[in-house]
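Below is one structure, written out as structure tokens, with a few remarks after it.
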Amino acid sequence: MRAVQASFVCSALLPKDFPQDKRPEFAFVGRSNVGKSSLLNTLLHRKELARTSGKPGKTQTINFFDVDGECYFVDLPGYGYARVSKAVKEEWGRRMTDYLRDREALRMVALLVDARHEPSDSDLNMLEILEQSEKPTLIVATKFDKVKRSLRQKHIKIVREGLGLDTDALVIPFSSVTAEGVREIWEVIRDIKDGK
């Protein structure tokens, strides 16, 4: 499955405002500024479908994108150090957790972590939420073009160990600059969508 057409559908925080047609949904979550919007734009071959920003906290709602009329990609608010009030952070956290836990159409969550750094406590907390919600989770190590070639295996190992994953757990290195990882991410999405 390669996206031919993709379009923004809606921004929402409440389930009543989410798409109601029960098409499969694939959500993307990660720390503020980890590169979620860049990853979505790269996967969908679009420059600014998902808005990117150098400022953490740009995505403040749950954003749904129609992909080929077959499924939705869902961009979730970033967690971590976004410069927003504590009340807003708590609201995001509640809405996001409700979505991840209760959304029947949700087929998979891609958890994005910055390949250059050890996973944060926030990353571990999110992984715990995903494990509790029993949703299939794909780990994507972003900004991989910024990791020296000689250190790449070491950084993947740091991500695996930092998240407490098995040594053979799938971690896909990704770069929006070189498009590394695009094919592998699409393969996982296609297999889950097709029920493999």
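The values are calculated or read from the model by the stated rules, or taken from the named source; none is laboratory data. Please read all numbers here as calculations on a predicted model, not as lab measurements. Cβ coordinates were reconstructed from backbone atoms using ideal geometry, including for glycine residues, and neighbour counts include every protein chain displayed.
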Among residues belonging to the range 126-150 that are basic (K, R) and not in a loop (DSSP other than H, G, I, E, B), point out the one that is farthest from A110 (Cα to Cα). R149
Mind listing whichever residues of the range 151-187 are among the aliphatic types (A, V, I, L, M), surrounded by 18 or more Cβ atoms within 10 Å (Cβ to Cβ) and not in a loop (DSSP other than H, G, I, E, B)? I156, I158, V159, V171, I172, V182, I185
Looking at the range 130-147, is at least one residue at pLDDT below 90 and touching a strand residue (DSSP E or B) at 6+ places or on another chain (Cβ under 9 Å)? yes
Verdict on L138 being without any contact (Cβ under 8 Å) to a residue 60 or more places away in the chain, more than 16 Å from E118 (Cα to Cα) and of a type in the set (A, V, I, L, M, F, W, C): yes
